[in-house]
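Note sheet for the following structure.
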Amino acid sequence: MVTFSGDQTGKIGELRRHLEARGAEVLRFDTDRFPCDAQAWFRQDGGREELRLRCDGQDVRLEPGDAIWYRRARWAEKLPPSLPRQLRHGCVLESEALLRGMLAAAPCFVMDPPDLVRERGHKPAQQRLARELGLATPRTLMTNDPAEAREFIASCPHGAIAKMLSAFAIYDADGEEQVVFTTSLRDDHLAKLDGLRLAPMVFQEQIRKRRELRITVVGSRMFTAAVDSQKVAGAEVDWRERGVTLLPSWTPYELPTEVARALERYMERVGMQYSAIDMLVDPDGRHVFLEANPAGECFWLEYYSPHFPLAAAIADVLVGAPGARRTLRS
């Protein structure tokens, strides 16, 4: 299980129990503790090749019958803070290069390779593929051009929203993380669009919502939950702003057959076993694809309603239970 030491969800422990109950030996490898407190080896010597990982004194040699669950990475974050900046930068790059390279060279099943997770997270490619497969997508502009952004925003009769292309942390003076949520644009925002010359953003038409959906794909299984975010003040634009309040409000949802089939084709085309897909349903019943999070969070849907068996589903994929893994194109 490849993650980082701050990944404390209890479901990781539950997943370990599911795997051990199926007869698996489990190693948790925290990427932030490498290279100081964890070790990795890629060795070719004569006709022999060996890939090994060690963490907390546990040593595993990767074999064809093994499986890797790549959940999260914080490459080399535990390096000594006293390191000079340039040396630290080099240490991080080298550490990431070895671990990424080993996961790419692993002789076993990987759900899902980190290079593929990064590649499949590109929003323009996601929306292009979704449209090719017949899924509805919002009118969208991704740009660093202020004039183009103003023109697009003015063309949206129900207003527009802005969001980021990537996920990154911003910390205030007290060290508290500040999350950048999707924002409904107001006149005071429009006056700041010249800031696009420093970084691009995503602009989309604002669509009225009847339901918001989170579709969690685990191998060959698809779990769909819905929430009415419009009932909670502050959650109307981005349900995550009131995510804690909405935790008990998610309910199972049955996707229309044609939407489910399109999402199955989407997963086949991206070549992945896992994804957390966000969609919305408008008042007319139209299902609109927003984005797919290749390593998105899911376990709140097991802790809380609708209590999907996600840890067990992931364990089935990792141990290769019959029919659990999605058949992907080679």
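Points worth noting:
- Residue pairs meeting the criteria (Cβ under 7 Å; at least 6 apart or on separate chains; first closer than 18 Å to MET279 by Cα, in the stretch 292-316; second of a type in the set (Gly, Ala, Ser) and assigned to a loop (DSSP other than H, G, I, E, B)): PRO294/GLY121
- Residues in the stretch 162-188 that are surrounded by 13 or more Cβ atoms within 10 Å (Cβ to Cβ) and modelled with pLDDT under 90: 7 in all.
- Members of the stretch 189-198 that are loosely packed, with under 10 Cβ neighbours inside 10 Å and within 14 Å of LYS163 (Cβ to Cβ): none
- Selection from the stretch 47-83 of residues that are farther than 21 Å from MET111 by Cβ and open to solvent by 80 Å² or more (accessible area, probe 1.4 Å): GLY47, ARG48, GLU49, ASP56, GLU77, LYS78, PRO81, SER82
- Residue within the stretch 146-155 that is under 30 Å from ARG28 (Cα atoms), open to solvent by 20 Å² or more (accessible area, probe 1.4 Å) and not aliphatic (A, V, I, L, M) present: no
- Any hit, the stretch 219-237, residues being small (Gly, Ala, Ser), in a loop (DSSP other than H, G, I, E, B), open to solvent by less than 20 Å² (accessible area, probe 1.4 Å) and modelled with pLDDT of 95 or more: yes
- Residue match in the stretch 305-320 (condition: within 18 Å of HIS18 (Cβ to Cβ), among the small types (Gly, Ala, Ser) and surrounded by fewer than 15 Cβ atoms within 10 Å (Cβ to Cβ)): yes
- Some residue of the stretch 14-30 being in a strand (DSSP E or B) and either surrounded by 14 or more Cβ atoms within 10 Å (Cβ to Cβ) or on the phi > 0 side of the Ramachandran plot (or both): yes
- Residue that is farthest from ARG326 (Cα to Cα), among those in the stretch 258-293 that are buried (at least 21 other Cβ atoms within 10 Å of the Cβ) and of a type outside the set (A, V, I, L, M): PHE289
- In the stretch 318-330 there is no residue matching the filter, namely being touching a Phe, Trp or Tyr at 6+ places or on another chain (Cβ under 6 Å), among the charged types (D, E, K, R) and modelled with pLDDT under 95.
- Restricting TRP75, TRP69 to those that are among the aromatic types (Phe, Trp, Tyr), in contact (Cβ under 8 Å) with a residue 12 or more places away in the chain and over 27 Å from ASP316 (Cα atoms) reduces the list to TRP75.
- Subset of the stretch 87-144 that is within 29 Å of ASP32 (Cα to Cα) and in contact with a Lys or Arg (Cβ under 7 Å, 6 or more places away or on another chain) - its residue that is most open to solvent (accessible area, probe 1.4 Å): ASP115
The values are calculated or read from the model by the stated rules, or taken from the named source; none is laboratory data. The structure displayed is predicted, hence computed values, not measured ones. Please note: Cβ atoms are built from the backbone with ideal geometry, for glycine as well, and neighbour counts cover all protein chains shown. Each accessible area value is taken on the protein alone, full model and side chains, heavy atoms only, with ligands, DNA and RNA left out. Shrake-Rupley method; radii C 1.70, N 1.55, O 1.52, S 1.80 Å.
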